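Take a look at the structure set out below.
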Amino acid sequence: MAEQRIDLRSDTVTLPTQAMRDAMYSCEVGDDVIGEDPTINRLEQESARRLGKEAALFVPSGTFGNQCAIATHVGSADEVIVSEAAHIIQHEAGAGALLARAQMRTIPPRSGSMLTAGDIEPRIRIGDDYHCPKTSLICLEQATAYGELYPIEEMRRIHQLAASHGIPVHVDGARLFNASVALGVEAAAIAAHCDSICFCLSKGLCAPVGSVLVGTGRFIARARRVRKLMGGGMRQAGFLAAAGLVALDNMVERLAEDHENARALAAEIARIPGVTVTNDIQISMVFFRIDQDRYSEAQLHARMKERGLLTYPPENGQWRFVTHHGVTRQDVLRAAQLLADSLR
Ligand SMILES: *Cc1c(COP(=O)(O)O)cnc(C)c1O
């Protein structure tokens, strides 16, 4: 009999908990586009409070939140400084060019996917030479799409540098709460070092849909207009916010368990001949290479799938496993076994 499959593709495959389903069933809703959904209003207030900012806006996805933020911060043909490896560049379908009509100034990181203040400073355009685009925004990720964490000190340096030039900083915090749990700081201690930040409710926090964009009252009022323009005004969206509130209440601290499981998984697969773990495990992500000549990447991917081990195909030879609420310690140990079996 086939055992249950183990899905390590992403923390986006997580399913809403029973508490979320119950909250969705019984929540009060209204028309959010005219500000009358009490559950949305509660989620926005709670998000702003937790992050120590003035206001928040519920948006359909992390991509939506980032792109809404960029389009709100910058004018057409302005320049946005961002790491070449950022989700905003690699995985948002080029939206910055379309919606903000911005020039995305991508910078290759010296290692990993993060930029330092030292990388950013020489790229900030000084003066108002009309030949040059205007630097209008700096974007960072916390945690990054590669599971790295910005030291709070580096965020502070970047934010200070940006502020000294009157440039806002936006943080793509799709996995903000993974970062806060892993760094052992409140989410507000991260949000303190940026002007706007967006986090996902639908990844490790297990809500079915949605992200929240957070910033000053003035910024969020302007972002609300951009959200409408982008088609993100969703009427009785409180059904989604109800699950989001449960996510914030119940699902944040348990992310530590996913991080522990990722470390256990990394330790286990590192013992398999030919497998090299390539990242320092800080959150729920394990990256690794497989050195072998027997199977093509596609064959290996299929062999894992046949054994009930789901992962995305590798990118540039890098495989990735992501732990989450649907994966137990026992599952990660079995996943390592299934990987070893697939290589035989
Ligand atoms: C997942 C993710 C997003 C947003 O993704 P959506 O699927 O649009 O919600 C943004 N940034 C990073 C780093 C991510 O991992």
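Just so it is clear, none of the values below were taken in a lab; they were calculated from the coordinates. Bear in mind the structure is a predicted one, so any value in this text is a computation, not a measurement. Glycine gets a Cβ as well: all are built from the backbone with ideal geometry, and neighbour counts include every protein chain shown.
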Amide H to amide H, which residues 5 or more places from T135 or on other chains are under 5 Å from it, using H placed in the peptide plane?
-> E79, R125
Determine, for D37, D7, D249, the number of other Cβ atoms within 10 Å of each Cβ, and report the residues in order from fewest to most.
-> D249, D7, D37
Under 29 Å Cα-Cα from K228, which lysines qualify once same-chain neighbours fewer than 8 residues away are excluded?
-> K53, K134, K203
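Stretch D128-S76 to full length: gain in nm at 0.36 nm per residue minus the Cα-Cα span? Can you show the working numbers first?
Values: separation 52, 0.36 × 52 = 18.72 nm, distance 1.58 nm.
Result for the pair: 17.1 nm of gain on full extension.
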If one compares the long axis through the Cα atoms of helix 152-164 with the longest principal axis of the Cα atoms of the chain, the angle in degrees, nearest 10, works out at 30 degrees
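Just need the Rg to Rh number for segment 228-344, please, alpha carbons only, Kirkwood Rh.
Working: Rg = 17.8 Å, Rh = 16.1 Å.
That ratio equals 1.11.
I'd like the FRET efficiency for Q45 and K305, computed as 1/(1 + (r/R0)^6) with the beta carbon distance as r and R0 of 35 Å, rounded to 0.05. Intermediate values should be presented prior to the final figure.
Values: r = 44 Å, r/R0 = 1.25.
Given R0 = 35 Å and the Cβ-Cβ separation, E is 0.20.
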Please report how far the C-alpha centroid of segment 1-59 lies from that of segment 225-243, rounded to the nearest whole angstrom.
-> 12 Å
One can check that the equivalent ellipsoid of the chain, built from the alpha-carbon gyration tensor with semi-axes equal to the square roots of five times its eigenvalues, has lengths in Å, largest first, of 34, 26, 17
One checks the Cα atoms of segment 87-224 and finds Rg and Dmax, in Å, of 15.1, 48
Percent antiparallel among DSSP beta bridges with both residues in the chain, to the nearest 5?
-> 45 percent
